[in-house]
1. Given the pairs K393/K481; K102/K481; K211/K416; K108/K175; K138/K211, which span a C-alpha to C-alpha distance of over 22 angstrom in this model?
2. What is the gain in length, in nm to one decimal, between D203 and S554 on full extension, counting 0.36 nm per residue of separation less the C-alpha to C-alpha distance?
3. Sorting check: for 246-253, 214-221, 431-438, which peptide has the highest mean count of neighbouring beta carbons within 10 Å, and how do the rest follow?
4. Rounded to the nearest 0.05, what FRET efficiency is calculated for A94 and S180 with R0 set to 41 Å and r the Cβ-Cβ distance?
5. What distance in nm separates the simple spin-label points at T131 and E436, each placed 7 Å from Cα in the Cβ direction?
6. Just how much of I161 is accessible, in Å², when a 1.4 Å probe is used and the result is rounded to the nearest 10?
7. Please turn the phi angles of the range 566-577 into ³J(HN,Hα) values with the Karplus equation 6.51 cos²θ - 1.76 cosθ + 1.60 (θ = phi - 60°), one per residue in order, whole Hz, x for glycine and proline.
8. Can you work out ³J(HN,Hα) from phi for every residue in the range 177-194, in order, using Karplus 6.51 cos²θ - 1.76 cosθ + 1.60 and θ = phi - 60°, giving whole Hz and x for Gly and Pro?
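The values are calculated or read from the model by the stated rules, or taken from the named source; none is laboratory data. Not measured: the values here are computed from a predicted model. Positions of Cβ are generated from backbone atoms using ideal geometry, with glycine treated the same way; all protein chains shown enter the neighbour counts. Remember, those area values only see protein heavy atoms, side chains included, never the ligands or the DNA or RNA. Shrake-Rupley method; radii C 1.70, N 1.55, O 1.52, S 1.80 Å.
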Amino acid sequence: MKKIIILLTLTVVWTTFYSCDEYLDVENPNSTVTNSDPQNLLFAAYAELQDEDVLGIAFESLRSDVGRIGPLVTSNANDFPYTTFYNQDISNPAIDERLEGKWNAHYKGILQANVTLDRLNQLEEENGSLTEVQEYQKAQARCLRGMYHFFLHSVFNEGKIIIQDAPVVLNTAFKSLSTSQEVIDFFRADLEYAFENLFEAEDTANGFVSKGFAATLLGKSYLYEGNYTQAIQWLTNPSIQGQYSLLSGNAAVNMFSESQEFSNESIFELAYNVNDLTGESILGNTTNHVTRETAPPTAVRFRRPTLRVNDISGGGQGVSYLTPPYWLTIAYTSEEIDPTDNRNTVNGELRPVSLRTSAMIAVPQDIITEYYERDFAALAVFFGRGYASFYKKYTNHDIIDQEIPGNNNRELRSGKNIMVARYAEVVLMLAECYIEENMLPEAVTEIESIRSRWGLRSLTDIGVDVNSQEALRNHLRFVEKPLELSAEGFSIRAIDLRRWGIGSARYADLQARSYNFTEFTFEVPDGQTAPTPQIDNLIVEDPSGDFIDYDGISYDTTNNGWLPLPQQERTLNNNID
């Protein structure tokens, strides 16, 4: 929020004259860019990432085991797509609008990258060569084009999508689907070109793609196809390992706060900066909508108003379409902290929850971490009746006392940045590669680097057999990776469940567990106006409990692992069978 990408003046020029919608309305986009500055066109390719349908954080998390639909969410028209994704009813025609939105948002970004590249080709033909700045612009455009294709390939139609390598207007120049391998070859060529021509992170302005980001995507692409040797080569490249690092100490706990925007751990981050008067971001009429999807709902604050006397302004204003599931909440709060780590002792006592838990989610027992300008979360929001915890990653809990309403009751004005990729994911991708290559000591080193920065007990101390490939694999899949990267990046968990082939068994396992809420009593600090002692609710495992994750939901890789092509694309594109 505080740090704004460079060339703000050019950004405003682009916002005024080169909107995505305008390109979709013209017959020949080439004619609109003949005299355009490529930098302005490039901003359009970046700006499309702010379309919430690109990352689709709420929807993608809800169709995996790191998302639970909020108890107040209903089946009305506005909420229906969220409940449908959560229920794994991906083939339901009623959510085709969301699939179409995701599909088109990516191709809009591809269109803008292609328009940029087309303009640069024009300049090269006119002048005989590109300037150094223009070469850099070309590398960025190809990185973004490759990224958009890679994202589409990772979630749609078993990777069989349409390759767009020229600036065509949507719905006017239909092409056939390419094979998965053809798409892989295409986006890797883009990303490899970008890697060779982009700057290192230290020389890249905040909010722009870097050499390390291209290497990260390439490494991930090889990991996704099970080529661990190639993945290791990319993920250990000096452009990643020499440029990024894990946050530690207070910086780690505040990872998802304004103070740590564009930190050393962030490989690529989307910058938002809301104007307090208009609710508009610096890149146009957009805001971080994930804030609304994950912030505590207003109704939670008033569910038991007698326990919120004179304290009606804390937290709230969201809808909590996406909340952490019960199993994940308990996994966070059950993490074993290292008693010898000084960070885990507060006021002479061990922390009530781990540092990682405090950074990632809000829970009632975390009475030492501020939340929406209250001393702790239980003073700001109510837990219980289905609400076990709230994600912190996309809310403004660190700077205001409640989320700021927008121009209507279905929006919030939020300038919270979103990390597309961070170094911890690289560490855990490397750990997976080492496990699958049976390089177990190397895998342990990577996992322990994550655990030690959070002050957690070692793998051996918590009973993980570090000499067992299967034990390390299970720990990575069911503990370390979901707890570290829950509801982050581009569909990380949904893709993992599919490619590991564990989705069906995972859902069955979680459905066999049940939970209940038990009273949690705490003292209200001096200066607070709520009654004392105060009672809130804590989620606990209970064999006879009434609360179950994913109750009655069926998952299988064939029907749920991939998103289908949007019906509009099938109907209008005669080149698709």
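1. K102/K481; K211/K416
2. Full-extension gain reported as 121.6 nm.
3. So the order, starting with the most tightly packed, is 214-221, 431-438, 246-253.
4. Efficiency, rounded to the nearest 0.05: 0.90.
5. The answer from the label model is 4.4 nm.
6. We get 0 Å² for I161.
7. The phi angles translate into x, 4, 4, 5, 5, 6, 8, 8, 5, 8, 9, 5 Hz.
8. Along the range 177-194, the couplings run 5, 9, 5, 4, 5, 4, 5, 4, 4, 5, 6, 5, 4, 5, 5, 5, 4, 4 Hz.
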